[in-house]
1. For the chain, what is the mean residue ellipticity at 222 nm derived from helices alone (per DSSP H run of n ≥ 4: -39500 (n - 2.57); sum divided by total residues; nearest 500 deg cm²/dmol)?
2. Would you mind working out the magnitude of the charge dipole of the chain relative to its Cα centre, with +1 at each Lys and Arg C-beta and -1 at each Asp and Glu C-beta, to the nearest 20 Debye?
3. Given the Cα-Cα distance of residue 40 and residue 53 and 0.36 nm per residue of separation, how much length would full extension add, in nm?
4. Counting pairs of alpha carbon atoms under 8 Å apart in space and at least six apart in sequence, what relative contact order in percent does the stretch 2-99 give?
5. Explain nothing, just compute: Karplus ³J(HN,Hα) = 6.51 cos²θ - 1.76 cosθ + 1.60, θ = phi - 60°, for every residue of the stretch 5-10 in order, whole Hz, x for Gly and Pro.
6. Comparing 132, 20, 72, which has the greatest mean-square fluctuation in the GNM of the chain with Cα pairs linked when under 10 Å apart?
7. With a 1.4 Å probe and all protein chains left in place, how much of the accessible area of the chain comes from carbon and sulfur atoms, in whole percent?
8. For the stretch 111-127, what does the Karplus curve 6.51 cos²θ - 1.76 cosθ + 1.60, with θ = phi - 60°, yield as ³J(HN,Hα) per residue in whole Hz, taken in order and with x for Gly and Pro?
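The values are calculated or read from the model by the stated rules, or taken from the named source; none is laboratory data. Computed from a predicted model, the values in this text were never measured in an experiment. Glycine also receives a Cβ, built like all others from the backbone with ideal geometry; neighbour counts cover every protein chain displayed. Side chains included, ligands, DNA and RNA excluded: accessible areas come from the protein's heavy atoms. Shrake-Rupley method; radii C 1.70, N 1.55, O 1.52, S 1.80 Å.
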Amino acid sequence: MPVTNISKNIDDLTLTITAEFAAPVERVWQIYADPRQLERIWGPPEYPATVVEHALTPGGTVTYFMTGPEGEKYGGYWSVTAVDEPRSFSFEDGFADDELKPAGDMPVAHSVYTFEAVGDGGTRVTYVSRYETAEGLQQVLEMGVEEGSTQAINQIDAFLAS
């Protein structure tokens, strides 16, 4: 499995996931840069994503919804704050309403995804999400963000091999 480490730090308000892939940095980066590829790995397998808007540029927005097994839809958005292709990108990661507008009553993560070459042509990605409050971090942990993120990230190897 690609996920090699998960750490939760309530004091620092962070959830950090580290994963390694048997593909070059540029190839792994492309998954996030291309909305059709992102759809293949964003969200757990039973909650496939549909990307509606995708601008992975500073000031850009990515909006999407995941569809659950019973047809229920869960919206989300990224407000992209920085991009250093193919090394990293930063964004505000939040929940969205039915119109894919930020849901003001839900926690927002300040996320940084970092891509680095490792070994013989592999890539290590470090996913860091920092929340504004311990309550916000605890809320998303109780909602299953750790398990869902792990399932989503662990789909990347199979996608890369296809």
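1. Numbers: 5 runs with 40 residues, N = 162.
Roughly -6500 deg cm²/dmol at 222 nm, from the helical runs in the chain.
2. Working: 9 positive and 26 negative charges, 90 e Å.
Computed about the Cα centre, the dipole is about 440 debye.
3. Values: separation 13, 0.36 × 13 = 4.68 nm, distance 1.53 nm.
Taking 0.36 nm per residue and subtracting the Cα distance, the gain is 3.2 nm.
4. On the way: 170 pairs, mean separation 15.5, N = 98.
RCO, the stretch 2-99: 16 percent.
5. Once θ is set to phi - 60°, the couplings for the stretch 5-10 become 7, 9, 9, 10, 10, 4 Hz.
6. 72
7. Values: 4080 of 8190 Å².
Here it works out to 50 percent.
8. Each residue of the stretch 111-127 in turn: 10, 10, 10, 10, 10, 9, 6, 9, x, 9, x, x, 9, 10, 10, 10, 9 Hz.
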